[in-house]
Amino acid sequence: MERLAPRLVGFAARMLQDLPRSDQRAKGELYVRGLLTDGARKSMQPMAERLGVDHQRLQQFITSSTWDYERVRGNVARWAVDAIGPDAYVIDDTGFPKDGTASPCVARQYSGTLGKTGNCQIGVSVQLVTDAASVAANWRLFCPASWDDTTIADPARAEAVRDRRDRAGIPDQVGHREKWRLALDMVDQMLHDWQLPARPIVADSGYGDCTLFRLGLSERDLSYVVQVDPDATAYPANAVPITATYTGRGRPPKPAYPDPPTTFKHLILAAGRARARQVTWRHGTRATPDNRQAKMRSQFVAIRIRPANRDIPRDSDGHLPEEWLIAEWPPDQPEPVKYWLSNLGPRTALKTLVQLAKIRWRIEHDYRELKTGLGIDHFEGRSFVGWHRHVTLAVLAQAFCTLLRLDPKADAPA
(Lines give C-alpha, C1' and ligand atoms only; values in the text may rest on other atoms or scores of the structure.)
Protein backbone atom coordinates (compact mmCIF):
# COMPACT_ATOMS: atom_id res chain seq x y z
CA MET A 1 0.00 0.00 0.00
CA GLU A 2 2.88 2.37 0.72
CA ARG A 3 4.18 1.94 -2.83
CA LEU A 4 0.70 2.22 -4.35
CA ALA A 5 -0.44 5.12 -2.16
CA PRO A 6 0.15 7.87 -4.78
CA ARG A 7 -1.94 5.98 -7.34
CA LEU A 8 -4.70 5.34 -4.81
CA VAL A 9 -4.77 8.99 -3.75
CA GLY A 10 -5.13 10.10 -7.37
CA PHE A 11 -7.76 7.51 -8.24
CA ALA A 12 -9.80 8.13 -5.10
CA ALA A 13 -9.65 11.89 -5.68
CA ARG A 14 -11.19 11.39 -9.10
CA MET A 15 -13.93 9.05 -7.85
CA LEU A 16 -14.70 11.20 -4.79
CA GLN A 17 -14.52 14.56 -6.55
CA ASP A 18 -18.21 15.30 -5.94
CA LEU A 19 -17.89 15.15 -2.15
CA PRO A 20 -18.35 18.78 -1.07
CA ARG A 21 -15.50 19.07 1.45
CA SER A 22 -11.81 18.22 1.28
CA ASP A 23 -11.89 16.47 4.67
CA GLN A 24 -14.67 14.18 3.38
CA ARG A 25 -12.58 13.28 0.34
CA ALA A 26 -9.60 12.56 2.58
CA LYS A 27 -11.70 10.31 4.86
CA GLY A 28 -13.09 8.52 1.81
CA GLU A 29 -9.60 7.74 0.55
CA LEU A 30 -8.60 6.62 4.06
CA TYR A 31 -11.59 4.27 4.27
CA VAL A 32 -10.77 2.76 0.87
CA ARG A 33 -7.17 2.30 1.97
CA GLY A 34 -8.46 0.44 5.02
CA LEU A 35 -10.48 -1.89 2.80
CA LEU A 36 -7.40 -2.61 0.69
CA THR A 37 -5.03 -3.37 3.57
CA ASP A 38 -4.45 -6.86 4.94
CA GLY A 39 -6.67 -8.08 7.74
CA ALA A 40 -9.41 -10.61 8.25
CA ARG A 41 -12.07 -8.06 9.21
CA LYS A 42 -12.89 -4.90 7.27
CA SER A 43 -15.35 -3.45 9.78
CA MET A 44 -14.54 0.00 11.13
CA GLN A 45 -12.76 -0.75 14.39
CA PRO A 46 -10.23 -3.28 12.99
CA MET A 47 -9.60 -1.03 9.98
CA ALA A 48 -9.06 1.99 12.21
CA GLU A 49 -6.53 0.05 14.30
CA ARG A 50 -4.57 -0.96 11.19
CA LEU A 51 -4.70 2.60 9.86
CA GLY A 52 -3.72 4.09 13.22
CA VAL A 53 -6.75 6.38 13.49
CA ASP A 54 -9.72 6.74 15.82
CA HIS A 55 -12.53 4.50 14.55
CA GLN A 56 -15.07 7.24 15.33
CA ARG A 57 -13.49 9.22 12.51
CA LEU A 58 -14.49 6.48 10.07
CA GLN A 59 -17.86 5.92 11.72
CA GLN A 60 -18.85 9.59 11.47
CA PHE A 61 -17.90 9.66 7.79
CA ILE A 62 -19.98 6.58 7.00
CA THR A 63 -23.05 7.14 9.16
CA SER A 64 -23.62 10.86 9.66
CA SER A 65 -21.52 12.89 7.24
CA THR A 66 -23.41 14.49 4.32
CA TRP A 67 -22.29 13.07 1.00
CA ASP A 68 -24.03 11.40 -1.92
CA TYR A 69 -22.86 7.80 -2.42
CA GLU A 70 -24.78 7.49 -5.69
CA ARG A 71 -22.68 10.20 -7.33
CA VAL A 72 -19.56 8.27 -6.32
CA ARG A 73 -21.00 5.12 -7.89
CA GLY A 74 -21.74 7.08 -11.04
CA ASN A 75 -18.11 8.22 -11.23
CA VAL A 76 -16.88 4.64 -10.75
CA ALA A 77 -19.29 3.34 -13.40
CA ARG A 78 -18.25 5.95 -15.97
CA TRP A 79 -14.60 5.17 -15.28
CA ALA A 80 -15.31 1.45 -15.76
CA VAL A 81 -17.00 2.05 -19.12
CA ASP A 82 -13.91 3.86 -20.36
CA ALA A 83 -11.41 1.50 -18.74
CA ILE A 84 -12.83 -1.95 -19.52
CA GLY A 85 -15.42 -1.34 -22.28
CA PRO A 86 -18.10 -3.65 -20.85
CA ASP A 87 -19.71 -6.21 -23.14
CA ALA A 88 -22.74 -6.61 -20.88
CA TYR A 89 -24.41 -5.52 -17.66
CA VAL A 90 -24.95 -8.52 -15.40
CA ILE A 91 -27.67 -8.51 -12.75
CA ASP A 92 -27.54 -10.70 -9.67
CA ASP A 93 -27.99 -10.62 -5.90
CA THR A 94 -26.01 -11.87 -2.94
CA GLY A 95 -26.61 -12.45 0.75
CA PHE A 96 -25.00 -10.69 3.72
CA PRO A 97 -25.43 -13.09 6.68
CA LYS A 98 -26.27 -11.40 10.01
CA ASP A 99 -26.59 -12.58 13.60
CA GLY A 100 -29.02 -9.99 14.96
CA THR A 101 -32.19 -8.23 13.87
CA ALA A 102 -31.15 -4.55 13.99
CA SER A 103 -29.28 -4.27 10.68
CA PRO A 104 -31.40 -2.51 8.02
CA CYS A 105 -33.62 -4.86 6.01
CA VAL A 106 -32.30 -8.01 7.69
CA ALA A 107 -34.79 -10.88 7.73
CA ARG A 108 -35.08 -14.62 7.44
CA GLN A 109 -35.06 -15.02 3.69
CA TYR A 110 -33.58 -17.28 1.04
CA SER A 111 -29.99 -16.51 0.11
CA GLY A 112 -28.11 -18.17 -2.70
CA THR A 113 -24.95 -17.33 -0.78
CA LEU A 114 -26.13 -19.49 2.12
CA GLY A 115 -27.88 -22.00 -0.12
CA LYS A 116 -30.85 -21.89 2.24
CA THR A 117 -33.16 -19.59 4.17
CA GLY A 118 -31.24 -17.68 6.82
CA ASN A 119 -30.97 -14.40 8.70
CA CYS A 120 -29.42 -12.03 6.18
CA GLN A 121 -29.59 -8.90 4.09
CA ILE A 122 -29.84 -9.18 0.30
CA GLY A 123 -27.98 -6.81 -1.98
CA VAL A 124 -28.98 -6.58 -5.65
CA SER A 125 -26.14 -5.58 -7.97
CA VAL A 126 -25.43 -4.61 -11.56
CA GLN A 127 -21.93 -5.46 -12.79
CA LEU A 128 -20.16 -4.00 -15.81
CA VAL A 129 -18.37 -6.98 -17.32
CA THR A 130 -16.09 -8.35 -19.98
CA ASP A 131 -14.44 -11.77 -19.83
CA ALA A 132 -11.25 -10.06 -18.66
CA ALA A 133 -12.48 -7.44 -16.17
CA SER A 134 -15.55 -6.32 -14.26
CA VAL A 135 -16.77 -3.83 -11.68
CA ALA A 136 -19.84 -4.24 -9.45
CA ALA A 137 -20.90 -0.65 -10.05
CA ASN A 138 -24.47 -0.34 -8.75
CA TRP A 139 -26.26 -1.75 -5.70
CA ARG A 140 -29.60 -1.70 -3.91
CA LEU A 141 -30.47 -3.15 -0.50
CA PHE A 142 -33.58 -5.31 -0.86
CA CYS A 143 -36.32 -4.31 1.57
CA PRO A 144 -38.42 -7.34 2.65
CA ALA A 145 -42.14 -6.87 3.24
CA SER A 146 -41.47 -7.30 6.98
CA TRP A 147 -39.61 -3.95 6.84
CA ASP A 148 -42.39 -2.11 4.99
CA ASP A 149 -45.14 -0.82 7.25
CA THR A 150 -47.41 -0.11 4.25
CA THR A 151 -47.72 -3.86 3.63
CA ILE A 152 -48.88 -4.62 7.20
CA ALA A 153 -52.58 -4.40 8.07
CA ASP A 154 -52.28 -4.67 11.85
CA PRO A 155 -51.82 -1.11 13.23
CA ALA A 156 -49.65 -2.16 16.18
CA ARG A 157 -47.33 -4.22 14.03
CA ALA A 158 -47.15 -1.46 11.42
CA GLU A 159 -46.19 1.05 14.12
CA ALA A 160 -43.46 -1.29 15.38
CA VAL A 161 -42.07 -1.56 11.84
CA ARG A 162 -42.10 2.24 11.48
CA ASP A 163 -40.08 2.51 14.68
CA ARG A 164 -37.66 -0.08 13.36
CA ARG A 165 -37.31 1.79 10.08
CA ASP A 166 -36.69 5.06 11.92
CA ARG A 167 -33.90 3.51 13.98
CA ALA A 168 -32.25 2.23 10.78
CA GLY A 169 -32.77 5.54 8.97
CA ILE A 170 -34.64 3.98 6.06
CA PRO A 171 -36.07 6.75 3.81
CA ASP A 172 -39.86 6.91 3.45
CA GLN A 173 -39.64 6.26 -0.29
CA VAL A 174 -37.86 2.93 0.25
CA GLY A 175 -40.37 0.12 0.58
CA HIS A 176 -40.76 -3.50 -0.37
CA ARG A 177 -39.95 -3.80 -4.05
CA GLU A 178 -39.20 -6.99 -5.94
CA LYS A 179 -35.56 -7.61 -6.79
CA TRP A 180 -36.24 -7.49 -10.51
CA ARG A 181 -37.83 -4.06 -10.12
CA LEU A 182 -34.77 -2.87 -8.18
CA ALA A 183 -32.64 -4.15 -11.06
CA LEU A 184 -34.67 -2.17 -13.59
CA ASP A 185 -34.43 0.92 -11.36
CA MET A 186 -30.65 0.61 -11.35
CA VAL A 187 -30.47 0.09 -15.11
CA ASP A 188 -32.58 3.23 -15.60
CA GLN A 189 -30.27 5.17 -13.31
CA MET A 190 -27.19 3.95 -15.14
CA LEU A 191 -28.51 4.75 -18.61
CA HIS A 192 -30.26 8.05 -17.89
CA ASP A 193 -28.69 9.65 -14.82
CA TRP A 194 -25.16 8.36 -15.32
CA GLN A 195 -25.36 8.43 -19.12
CA LEU A 196 -23.80 4.99 -19.60
CA PRO A 197 -24.10 3.31 -23.01
CA ALA A 198 -26.70 0.57 -23.45
CA ARG A 199 -25.36 -2.97 -23.29
CA PRO A 200 -27.03 -6.42 -23.30
CA ILE A 201 -28.45 -7.44 -19.92
CA VAL A 202 -27.46 -10.85 -18.55
CA ALA A 203 -29.08 -12.54 -15.55
CA ASP A 204 -29.75 -15.94 -14.02
CA SER A 205 -33.14 -17.63 -13.86
CA GLY A 206 -34.07 -15.76 -10.68
CA TYR A 207 -34.60 -12.81 -13.01
CA GLY A 208 -34.95 -14.51 -16.40
CA ASP A 209 -38.00 -16.51 -15.32
CA CYS A 210 -39.82 -13.26 -14.54
CA THR A 211 -41.79 -12.30 -17.65
CA LEU A 212 -42.36 -8.75 -16.38
CA PHE A 213 -38.60 -8.28 -15.99
CA ARG A 214 -37.97 -9.36 -19.58
CA LEU A 215 -40.81 -7.17 -20.82
CA GLY A 216 -39.35 -4.25 -18.87
CA LEU A 217 -36.04 -4.69 -20.66
CA SER A 218 -37.75 -4.93 -24.05
CA GLU A 219 -39.80 -1.81 -23.33
CA ARG A 220 -36.49 -0.01 -22.73
CA ASP A 221 -35.16 -1.30 -26.08
CA LEU A 222 -32.53 -3.32 -24.24
CA SER A 223 -31.34 -6.69 -25.46
CA TYR A 224 -30.89 -9.55 -23.02
CA VAL A 225 -29.63 -13.08 -22.56
CA VAL A 226 -31.17 -14.59 -19.42
CA GLN A 227 -31.20 -18.08 -17.99
CA VAL A 228 -34.64 -19.69 -17.80
CA ASP A 229 -36.44 -22.75 -16.46
CA PRO A 230 -36.81 -25.49 -19.13
CA ASP A 231 -40.42 -26.07 -18.05
CA ALA A 232 -41.55 -22.63 -19.28
CA THR A 233 -43.66 -22.81 -22.43
CA ALA A 234 -43.50 -21.53 -26.00
CA TYR A 235 -44.60 -22.10 -29.57
CA PRO A 236 -42.24 -22.86 -32.43
CA ALA A 237 -41.27 -19.77 -34.40
CA ASN A 238 -43.25 -20.98 -37.43
CA ALA A 239 -46.50 -21.37 -35.47
CA VAL A 240 -49.26 -19.22 -36.97
CA PRO A 241 -52.38 -17.92 -35.21
CA ILE A 242 -55.66 -18.57 -36.97
CA THR A 243 -59.02 -16.87 -36.63
CA ALA A 244 -62.04 -19.10 -36.22
CA THR A 245 -65.03 -18.50 -38.48
CA TYR A 246 -67.42 -15.95 -37.00
CA THR A 247 -70.85 -17.46 -36.45
CA GLY A 248 -72.56 -14.07 -36.08
CA ARG A 249 -73.22 -14.48 -32.38
CA GLY A 250 -71.23 -12.83 -29.57
CA ARG A 251 -67.91 -11.15 -30.05
CA PRO A 252 -65.95 -11.87 -33.19
CA PRO A 253 -63.14 -14.37 -32.46
CA LYS A 254 -59.57 -13.12 -32.17
CA PRO A 255 -56.58 -14.80 -33.82
CA ALA A 256 -55.20 -17.60 -31.64
CA TYR A 257 -52.72 -20.44 -31.93
CA PRO A 258 -54.62 -23.65 -32.65
CA ASP A 259 -52.45 -25.87 -30.41
CA PRO A 260 -51.28 -25.46 -26.82
CA PRO A 261 -47.68 -24.36 -26.21
CA THR A 262 -45.03 -26.84 -25.20
CA THR A 263 -42.05 -26.61 -22.86
CA PHE A 264 -38.66 -25.17 -23.75
CA LYS A 265 -37.14 -28.56 -23.02
CA HIS A 266 -39.52 -30.32 -25.40
CA LEU A 267 -38.78 -27.83 -28.18
CA ILE A 268 -35.02 -28.35 -27.85
CA LEU A 269 -35.36 -32.13 -27.71
CA ALA A 270 -37.56 -31.99 -30.78
CA ALA A 271 -34.88 -29.99 -32.60
CA GLY A 272 -32.50 -32.81 -31.73
CA ARG A 273 -28.85 -33.22 -30.88
CA ALA A 274 -28.01 -32.95 -34.58
CA ARG A 275 -28.62 -29.20 -34.27
CA ALA A 276 -25.92 -28.86 -31.58
CA ARG A 277 -22.74 -26.97 -32.45
CA GLN A 278 -19.52 -26.77 -30.46
CA VAL A 279 -18.71 -23.30 -29.19
CA THR A 280 -15.63 -22.05 -27.35
CA TRP A 281 -16.67 -19.02 -25.31
CA ARG A 282 -13.39 -18.19 -23.57
CA HIS A 283 -10.05 -19.56 -22.43
CA GLY A 284 -9.69 -20.64 -18.81
CA THR A 285 -6.61 -21.24 -16.69
CA ARG A 286 -6.59 -25.03 -16.30
CA ALA A 287 -4.90 -26.58 -19.30
CA THR A 288 -4.86 -30.36 -19.71
CA PRO A 289 -2.99 -32.65 -22.08
CA ASP A 290 -6.17 -32.87 -24.17
CA ASN A 291 -6.88 -29.13 -23.95
CA ARG A 292 -3.56 -27.28 -23.83
CA GLN A 293 -5.18 -23.90 -24.48
CA ALA A 294 -7.67 -24.35 -21.64
CA LYS A 295 -10.60 -23.71 -23.96
CA MET A 296 -13.98 -23.40 -22.26
CA ARG A 297 -16.25 -25.17 -24.69
CA SER A 298 -19.39 -27.23 -24.98
CA GLN A 299 -22.17 -27.94 -27.46
CA PHE A 300 -25.19 -25.68 -27.87
CA VAL A 301 -28.52 -25.68 -29.70
CA ALA A 302 -30.19 -22.38 -30.60
CA ILE A 303 -33.68 -22.20 -32.12
CA ARG A 304 -36.22 -19.45 -32.68
CA ILE A 305 -39.38 -19.72 -30.56
CA ARG A 306 -42.32 -17.66 -29.33
CA PRO A 307 -42.51 -17.72 -25.50
CA ALA A 308 -46.11 -18.03 -24.34
CA ASN A 309 -47.84 -17.06 -21.12
CA ARG A 310 -50.67 -14.75 -20.05
CA ASP A 311 -48.33 -11.79 -19.38
CA ILE A 312 -46.79 -11.62 -22.85
CA PRO A 313 -48.71 -9.25 -25.14
CA ARG A 314 -49.60 -10.36 -28.66
CA ASP A 315 -49.53 -8.44 -31.91
CA SER A 316 -52.81 -7.41 -33.49
CA ASP A 317 -52.65 -10.51 -35.72
CA GLY A 318 -52.25 -12.76 -32.65
CA HIS A 319 -48.51 -13.44 -33.02
CA LEU A 320 -46.32 -13.63 -29.94
CA PRO A 321 -42.82 -12.06 -30.14
CA GLU A 322 -40.07 -14.27 -31.51
CA GLU A 323 -36.89 -14.91 -29.47
CA TRP A 324 -33.87 -17.17 -29.25
CA LEU A 325 -33.92 -20.25 -27.06
CA ILE A 326 -30.38 -21.43 -26.36
CA ALA A 327 -29.58 -24.72 -24.66
CA GLU A 328 -26.26 -26.16 -23.55
CA TRP A 329 -26.19 -29.85 -24.45
CA PRO A 330 -22.83 -31.42 -23.56
CA PRO A 331 -21.94 -34.43 -25.70
CA ASP A 332 -21.78 -36.69 -22.63
CA GLN A 333 -25.25 -35.71 -21.38
CA PRO A 334 -28.54 -37.31 -22.49
CA GLU A 335 -30.33 -33.93 -22.49
CA PRO A 336 -29.54 -30.20 -22.18
CA VAL A 337 -28.28 -28.90 -18.84
CA LYS A 338 -29.00 -25.14 -19.11
CA TYR A 339 -31.39 -22.90 -21.04
CA TRP A 340 -31.40 -19.20 -21.93
CA LEU A 341 -33.78 -16.79 -23.66
CA SER A 342 -32.59 -13.85 -25.75
CA ASN A 343 -34.32 -11.10 -27.68
CA LEU A 344 -31.23 -10.42 -29.81
CA GLY A 345 -31.91 -10.31 -33.53
CA PRO A 346 -32.45 -13.40 -35.69
CA ARG A 347 -29.06 -12.98 -37.41
CA THR A 348 -27.11 -13.02 -34.13
CA ALA A 349 -24.25 -15.55 -34.23
CA LEU A 350 -24.46 -18.55 -31.93
CA LYS A 351 -21.02 -17.72 -30.49
CA THR A 352 -22.25 -14.24 -29.50
CA LEU A 353 -25.28 -15.71 -27.74
CA VAL A 354 -23.15 -18.24 -25.87
CA GLN A 355 -20.46 -15.73 -24.88
CA LEU A 356 -23.10 -13.47 -23.35
CA ALA A 357 -24.87 -16.35 -21.62
CA LYS A 358 -21.61 -17.55 -20.09
CA ILE A 359 -20.24 -14.14 -19.09
CA ARG A 360 -22.04 -14.42 -15.75
CA TRP A 361 -18.96 -16.20 -14.36
CA ARG A 362 -17.54 -12.74 -13.65
CA ILE A 363 -20.23 -12.28 -10.98
CA GLU A 364 -18.74 -15.02 -8.84
CA HIS A 365 -15.29 -13.48 -9.28
CA ASP A 366 -16.60 -10.07 -8.16
CA TYR A 367 -18.53 -11.37 -5.17
CA ARG A 368 -15.55 -13.45 -4.05
CA GLU A 369 -13.17 -10.49 -4.34
CA LEU A 370 -15.58 -8.08 -2.68
CA LYS A 371 -16.30 -10.42 0.22
CA THR A 372 -13.05 -12.25 0.89
CA GLY A 373 -10.68 -9.45 -0.05
CA LEU A 374 -12.48 -6.14 0.39
CA GLY A 375 -14.96 -6.80 3.19
CA ILE A 376 -18.13 -5.68 1.46
CA ASP A 377 -20.15 -7.88 3.85
CA HIS A 378 -18.25 -6.84 6.99
CA PHE A 379 -20.28 -3.70 7.70
CA GLU A 380 -21.59 -3.86 11.26
CA GLY A 381 -23.49 -0.58 11.31
CA ARG A 382 -27.24 -0.32 11.67
CA SER A 383 -28.06 2.45 9.22
CA PHE A 384 -29.45 2.21 5.71
CA VAL A 385 -27.24 4.99 4.36
CA GLY A 386 -24.22 3.51 6.15
CA TRP A 387 -24.70 0.18 4.38
CA HIS A 388 -24.85 1.90 0.99
CA ARG A 389 -21.80 4.05 1.72
CA HIS A 390 -19.72 1.09 2.88
CA VAL A 391 -20.74 -0.89 -0.21
CA THR A 392 -19.95 2.08 -2.46
CA LEU A 393 -16.44 2.44 -1.04
CA ALA A 394 -15.89 -1.31 -1.37
CA VAL A 395 -16.84 -0.91 -5.06
CA LEU A 396 -14.33 1.95 -5.34
CA ALA A 397 -11.68 -0.34 -3.82
CA GLN A 398 -12.58 -3.07 -6.32
CA ALA A 399 -12.31 -0.57 -9.18
CA PHE A 400 -8.81 0.35 -7.95
CA CYS A 401 -7.85 -3.35 -7.98
CA THR A 402 -9.20 -3.53 -11.53
CA LEU A 403 -7.12 -0.49 -12.47
CA LEU A 404 -3.99 -2.22 -11.20
CA ARG A 405 -4.80 -5.45 -13.06
CA LEU A 406 -5.27 -3.50 -16.29
CA ASP A 407 -1.74 -2.08 -15.89
CA PRO A 408 0.69 -4.90 -16.78
CA LYS A 409 3.50 -3.11 -14.92
CA ALA A 410 1.61 -2.92 -11.64
CA ASP A 411 1.46 -5.56 -8.93
CA ALA A 412 -2.25 -6.09 -8.45
CA PRO A 413 -4.11 -7.85 -5.65
CA ALA A 414 -5.13 -11.35 -6.67
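Out of the residues in region 247-295 that are among the hydroxyl-bearing types (Ser, Thr, Tyr) and at pLDDT 90 or above, state the one that is farthest from residue 331 (Cα to Cα). Checking each candidate, the answer is 257.
This table checks each residue for (1) in a loop (DSSP other than H, G, I, E, B); (2) open to solvent by 10 Å² or more (accessible area, probe 1.4 Å); (3) at pLDDT below 95.
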position: 346; (1), (2), (3): yes, yes, no
position: 352; (1), (2), (3): no, yes, no
position: 356; (1), (2), (3): no, yes, no
position: 372; (1), (2), (3): no, yes, yes
position: 378; (1), (2), (3): yes, yes, yes
position: 385; (1), (2), (3): no, yes, no
position: 395; (1), (2), (3): no, no, no
position: 400; (1), (2), (3): no, no, no
position: 409; (1), (2), (3): yes, yes, yes
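Beta carbons closer than 7 Å, at least 6 apart along the sequence or on distinct chains, pair a first residue in region 287-310 that is farther than 23 Å from residue 322 by Cα with a second that is part of a loop (DSSP other than H, G, I, E, B) and of a type in the set (Lys, Arg) for 294/286. Considering region 151-201, the residues that are under 19 Å from the mean Cα position of the chain (by Cα) and charged (D, E, K, R) include one that is farthest from residue 110 (Cα to Cα), namely 193. Per the listing 94, 130, 117, the residue uniquely out of contact with any His (no Cβ under 9 Å at 6 or more places or on another chain), buried (at least 17 other Cβ atoms within 10 Å of the Cβ) and among the hydroxyl-bearing types (Ser, Thr, Tyr) is 94.
The single residue among 86, 97 that is modelled with pLDDT under 95 and within 19 Å of the chain's Cα centre (by Cα) turns out to be 97. Only one of the numbered conditions (1) under 25 Å from residue 335 (Cβ atoms); (2) open to solvent by 50 Å² or more (accessible area, probe 1.4 Å) is not met by residue 244, and that is (1). Residues that are open to solvent by 70 Å² or more (accessible area, probe 1.4 Å) and assigned to a helix (DSSP H, G or I) were ranked within region 1-34; the one that is farthest from residue 388 (Cα to Cα) is 6. Among the residues of region 35-51, are any in a loop (DSSP other than H, G, I, E, B), surrounded by 15 or more Cβ atoms within 10 Å (Cβ to Cβ), modelled with pLDDT of 90 or more and out of contact with any His (no Cβ under 6 Å at 6 or more places or on another chain)? Within region 35-51, none of the residues are in a loop (DSSP other than H, G, I, E, B), surrounded by 15 or more Cβ atoms within 10 Å (Cβ to Cβ), modelled with pLDDT of 90 or more and out of contact with any His (no Cβ under 6 Å at 6 or more places or on another chain).
Being closer than 30 Å to residue 17 by Cβ, touching a Cys at 6+ places or on another chain (Cβ under 6 Å) and of a type outside the set (Phe, Trp, Tyr) holds for only one residue in 121, 127, and it is 121. With in contact with a Ser or Thr (Cβ under 9 Å, 6 or more places away or on another chain), hydrophobic (A, V, I, L, M, F, W, C) and over 22 Å from residue 21 (Cα atoms) as the only criterion, which of 90, 81 stands out? That would be 90, the only listed residue that is in contact with a Ser or Thr (Cβ under 9 Å, 6 or more places away or on another chain), hydrophobic (A, V, I, L, M, F, W, C) and over 22 Å from residue 21 (Cα atoms).
Could you say which residue among 206, 216 is open to solvent by less than 40 Å² (accessible area, probe 1.4 Å) and either closer than 26 Å to residue 95 by Cβ or at pLDDT 95 or above (or both)? Before you say what the answer is, go through the steps one by one.
Numbers: 206 fails: open to solvent by less than 40 Å² (accessible area, probe 1.4 Å).
None of the other options fit; the residue is 216.
Take the residues in region 237-266 that are over 30 Å from the mean Cα position of the chain (by Cα) and not in a loop (DSSP other than H, G, I, E, B), then tell me which one is nearest to residue 315 (Cα to Cα). Of everything passing the filter in region 237-266, 256 is nearest to residue 315 (Cα to Cα). Sub-8 Å Cβ pairs linking a first residue in region 355-372 that is within 18 Å of residue 339 (Cα to Cα) and among the polar types (S, T, N, Q) to a second residue that is at pLDDT 95 or above and open to solvent by 10 Å² or more (accessible area, probe 1.4 Å), at least 6 apart or interchain, are 355/87, ordered by first then second residue. If the condition is being out of contact with any strand residue (DSSP E or B) (no Cβ under 7 Å at 6 or more places or on another chain) and aromatic (Phe, Trp, Tyr), then region 63-92 contributes 67, 69, 79.
Filtering region 97-108 to residues that are touching a helix residue (DSSP H, G or I) at 6+ places or on another chain (Cβ under 9 Å) and open to solvent by less than 50 Å² (accessible area, probe 1.4 Å) leaves 102, 103, 104, 105, 106, 107. The residue pairs whose first member lies in region 151-173 and is open to solvent by 70 Å² or more (accessible area, probe 1.4 Å), whose second member is of a type in the set (D, E, K, R) and at pLDDT 95 or above, and whose beta carbons are closer than 9 Å, counting only pairs six or more residues apart or on different chains, are 157/149; 159/149; 162/149; 172/165.
Can you tell me which residue in region 267-298 is surrounded by the fewest Cβ atoms within 10 Å (Cβ to Cβ), limited to those that are closer than 25 Å to residue 231 by Cβ and within 26 Å of the chain's Cα centre (by Cα)?
Residues of region 267-298 closer than 25 Å to residue 231 by Cβ: 267-277, 279, 298.
Remaining after also requiring within 26 Å of the chain's Cα centre (by Cα): 279, 298.
Working: 279: 22, 298: 19.
Applying the filter and picking the extreme gives 298.
The values are calculated or read from the model by the stated rules, or taken from the named source; none is laboratory data. On a predicted model such as this, the values are computed, not experimentally measured, just so you know. As a convention, Cβ positions derive from the backbone with ideal geometry for all residues, glycine included, and neighbour counts pool all protein chains shown. Only protein heavy atoms, including side chains, enter the accessible area calculation; ligands, DNA and RNA are left aside. Shrake-Rupley method; radii C 1.70, N 1.55, O 1.52, S 1.80 Å.
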